[in-house]
1. Looking at (1) under 27 Å from residue 38 (Cβ atoms); (2) open to solvent by less than 40 Å² (accessible area, probe 1.4 Å), which one does residue 198 not meet, given that it meets all the others?
2. Starting from residues that are of a type in the set (Val, Ile, Thr) and not in a strand (DSSP E or B), keep the ones in the stretch 275-309 and report whichever is farthest from residue 252 (Cα to Cα).
3. Might you let me know whether the stretch 17-33 holds any residue that is surrounded by 15 or more Cβ atoms within 10 Å (Cβ to Cβ), of a type outside the set (A, V, I, L, M), under 28 Å from residue 219 (Cα atoms) and modelled with pLDDT of 60 or more?
4. Quick check: anything in the stretch 183-199 assigned to a helix (DSSP H, G or I) and farther than 30 Å from residue 64 by Cβ?
5. Please pick out the residue among 276, 232 that is surrounded by fewer than 13 Cβ atoms within 10 Å (Cβ to Cβ), modelled with pLDDT under 80 and either charged (D, E, K, R) or touching a Leu at 6+ places or on another chain (Cβ under 7 Å) (or both).
6. Taking the stretch 46-65 on its own, how many of its residues are touching a strand residue (DSSP E or B) at 6+ places or on another chain (Cβ under 6 Å) and either open to solvent by less than 50 Å² (accessible area, probe 1.4 Å) or part of a loop (DSSP other than H, G, I, E, B) (or both)?
7. When you scan the stretch 201-223, how many residues do you find that are part of a strand (DSSP E or B), of a type outside the set (Asp, Glu), closer than 19 Å to residue 83 by Cβ and open to solvent by 60 Å² or more (accessible area, probe 1.4 Å)?
Amino acid sequence: MAGSDLLSEGELDALTGGNTAGSGGYRTFDFTAREQSLLNQLTLLPPLQERQAEQLAQGLEDVFGSEFEVAAAGLRVLSCEELLASLAESVAVSTLELAPLAGHGHVVCPAPLLSQLVNDYFGGVRGGSVANLPRTALTPSELRLAERVAEQVTGSLVAAWADKLPLEPGEAHTAPHVDAIASLPSGDKLVQMVFAVTLNELTTDVALLLPFAALEPWKQRFSAPRKAAAEDAGQGWGPHLRRELPAVKVDVAVMLASRELTLGEVLGLRVGSVIDIAVPDEVDLCVEGVRLASGRYGAYEGHKAIKITGFAGTDAPAGKSTG
């Protein structure tokens, strides 16, 4: 192998998240970190998943005539390899196109839910619970019901996303194995949208899988406006500041007069000493030591007061003040 084909120490550090020298081993590197970070920026997806869960519960009840509870159980990014390792041994996978998204979407339905549906839908003990025994294969009846579940999952997705990204689902192909997912490159990233579905006493996870690369071009539609009308709607700090600012208290002082004394005269002051001052016609009004206005000193309704005769620049310095 040519030397240029080898990874440099810096490249190894970047892949392992730190310095490998002297560590005696390597730390695991999360190859989905970038995609998970971008997924977290799609802030509208979680509320849309909540909306989809409500639509899915209603759709399943309409189709199967049983009472369902469906809860949005989160979104995450997984590689195909990680996803395959996390799936139960026996699941039904429905694969379909969801134009204009590129690639294929997948609906994964676990065997215990399908067994419960068969029990309810085809004349078993309605409302009873089916034992969760190990399964190695799905029956034709379970596969038909898996198709119905997939129709409701995609239908609820179309309804929930209608305002953001209108979807046109294609025909679904349902199989009793994960071959459709296993055929993808192991490093491909999928967005897993999990729904906790409760039927009778059984709660299982139904998952909708979308290619991350298919969502990325549409990220602007699923991201909240960066600087929306938060301030215009009175939600930012600006309107709050404007509302509270008038109630802030400040010191207001009036400079009546000033007199220059020598240090000796100041040291000679005693209780009872009298300092002659002449009250001018114009006095200064200062706010926090800054000259704001000028006015005439007098009385108003029996109280000492000043009458403002003009305003000055707020940057004008003020001298000593009393008042």
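The values are calculated or read from the model by the stated rules, or taken from the named source; none is laboratory data. Values in this document were obtained by computation on a predicted structure and should not be read as measured data. Every residue, glycine among them, receives a Cβ derived from its backbone with ideal geometry; neighbour counts consider all protein chains shown. The area values use the complete protein model at the heavy-atom level, side chains included, leaving out ligands, DNA and RNA. Shrake-Rupley method; radii C 1.70, N 1.55, O 1.52, S 1.80 Å.
1. Only one criterion is unmet by residue 198, namely (1).
2. From the stretch 275-309, those of a type in the set (Val, Ile, Thr) are 275, 277, 279, 283, 287, 290, 306, 308-309; that's our starting set.
The next check asks that each one be not in a strand (DSSP E or B); those that pass are 275, 277, 279.
Working: 275: 25, 277: 22, 279: 19 Å.
In this case the residue turns out to be 275.
3. Going through the stretch 17-33, the residues surrounded by 15 or more Cβ atoms within 10 Å (Cβ to Cβ) turn out to be 20, 32.
Filter once more, so that each one left must be of a type outside the set (A, V, I, L, M): 20, 32.
Filter once more, so that each one left must be under 28 Å from residue 219 (Cα atoms): 32.
Now restrict to residues that are modelled with pLDDT of 60 or more: none.
No; the residues of the stretch 17-33 include none that is surrounded by 15 or more Cβ atoms within 10 Å (Cβ to Cβ), of a type outside the set (A, V, I, L, M), under 28 Å from residue 219 (Cα atoms) and modelled with pLDDT of 60 or more.
4. Among the residues of the stretch 183-199, not one is assigned to a helix (DSSP H, G or I) and farther than 30 Å from residue 64 by Cβ, which makes the answer no.
5. Working: 276 fails: modelled with pLDDT under 80.
Only one candidate passes the filter, namely 232.
6. From the stretch 46-65, those touching a strand residue (DSSP E or B) at 6+ places or on another chain (Cβ under 6 Å) are 49-50, 53, 56-57, 60-61; that's our starting set.
Next, from what is left, pick out any that are either open to solvent by less than 50 Å² (accessible area, probe 1.4 Å) or part of a loop (DSSP other than H, G, I, E, B) (or both): 49, 53, 56-57, 60.
Number satisfying all stated conditions: 5.
7. Initial filter on the stretch 201-223 (part of a strand (DSSP E or B)): 202-211.
In the following step, the residues that additionally are of a type outside the set (Asp, Glu) were identified as 202-204, 206-211.
Now drop any that are not closer than 19 Å to residue 83 by Cβ, which leaves 204, 206-211.
Next cut, open to solvent by 60 Å² or more (accessible area, probe 1.4 Å) only: none.
Final tally of qualifying residues: 0.
Residues are listed down the side, and each one gets a yes or a no for (1) at pLDDT 90 or above; (2) under 20 Å from residue 190 (Cβ atoms):
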{"position": "62", "(1), (2)": "yes, no"}
{"position": "70", "(1), (2)": "yes, no"}
{"position": "84", "(1), (2)": "yes, yes"}
{"position": "92", "(1), (2)": "yes, yes"}
{"position": "107", "(1), (2)": "yes, yes"}
{"position": "119", "(1), (2)": "no, no"}
{"position": "137", "(1), (2)": "no, no"}
{"position": "146", "(1), (2)": "yes, yes"}
